[in-house]
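Written out below as structure tokens is the structure these notes cover.
Every number here is computed from the coordinates shown, using simple stated rules; none is lab data. For clarity, every value in this text was computed on a predicted model and none was experimentally measured. Cβ atoms come from the backbone with ideal geometry, glycine included; neighbour counts cover every protein chain shown.
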Ligand SMILES: Nc1ncnc2c1ncn2[C@@H]1O[C@H](COP(=O)(O)OP(=O)(O)O)[C@@H](O)[C@H]1O
Ligand SMILES: [Mg+2]
């Protein structure tokens, strides 16, 4: 069943804007004002897929609601609205990866909408996927956090977005070559997507200008009542990377409805280990939907003032979009201009890789329709990109590194919620709950 309703427990003056945004996204928002109302709603509406809870108002009511959302077999994810100070203190100044469970006030209704969409899309694709699994694996997933792959089943593909609002900083170069390194040298299955419908040039660089685009295929699907998945549309490059481009022209892209694109990308996580996405430099709905899904957002910066400024602007926008904790800097052409450590200081988030300037090497590789990994396998700059790819792998496999902060944050908050939940349950005779903790991790 599509989980298309969202329960909302928010102050009255915040409800209309949130309602309007969610309605535009096709979700029915249902306001509740007490735990009893939420309980009644959950009983009659199994399509409630998410709840937005106020973490600043009546905390007892919020805790009771949290318990109801996880009562018995039920596991409805929630998005908690907290104050910026609380979030800052808990998330260690924005470094935590909190998997979409917290939003800070003040928030914009639009950014909340994309968070809700991303959480529901992830939860829905997870549910569809678990239907094919046995009871044990399904139970393992339901025990864990919805939206995060359980170790009991195969790991889902990581979504890595490459973005900087400025052009010419190396986004496409880094996207192509990171994809090629992961595929060719680390034996990973990679889907490389050009989501830049205006200036995208992945397919021309790789000599694949004639491959079917998502717009071509989805437009043809309209007449046939079919919908091709992204793996079905993608074409293989000589490097082994599966390559996909959204469109060949910036016109007539209506079929690229942001929610549909986000759903398709999320579903493709089952078929690949990595989905690398090159984006057009804008903050429109298509990009916001993709940002919300991303596991990592790499921000290439060349050591010049205008590029650094653009990255600072993106950091500010990322705070509003609640994706700040996913940003990672990649200092490109790092051996020229401002020093890499100064770039890091000014931009305000850490670099995970430095890529040296390589003269015309990437241009020559593109002229031969290959990645630099294939054309110049021994080049030192390819080694730099290999180090970037390894860093991405270690961030995925060892969240204790960069993401250690998430555990410091999530565990104590979860433990607290668990404790408070059992107290609330003890107090409230109307609540039945199994003796298991709310979340086992
Ligand atoms: N580290 C580098 N060394 C040399 N040339 C580079 C490097 N990174 C990017 N380039 C070149 O800079 C130009 C712009 O890069 P591109 O990846 O197209 O940027 P964007 O996608 O951000 O617009 C391209 O000609 C590319 O070959
Ligand atoms: Mg580009």
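Is segment 1-41 best put as rounded, prolate or oblate by its Cα gyration tensor, with a ≥ b ≥ c the root eigenvalues, rounded for a/c under 1.5, and otherwise prolate when a/b is larger than b/c, oblate when not? Verdict is oblate for segment 1-41.
Residues 24, 322, ranked from the fewest to the most other C-beta atoms within 10 Å, line up as 24, 322.
Take the alpha carbon gyration tensor of segment 239-374, find the square roots of its eigenvalues, order them as a ≥ b ≥ c, and report rounded if a/c is under 1.5; if not, report prolate when a/b exceeds b/c, else oblate. Since a/c reaches 1.5 but b/c is at least a/b, the shape of segment 239-374 is classed as oblate. Stretched out straight at 0.36 nm per residue, the stretch from residue 228 to residue 316 would grow longer than its current Cα-Cα span by 28.0 nm.
Residue-normalised convex hull volume from the C-alpha trace of segment 158-397: 112 Å³ per residue. Fewest-first ordering of 237, 201, 252, 225 by other beta carbons within 10 Å of each residue's beta carbon gives 225, 252, 201, 237. Counting every other Cβ atom within 10 Å of each residue's Cβ, 45, 115 order from fewest to most as 45, 115.
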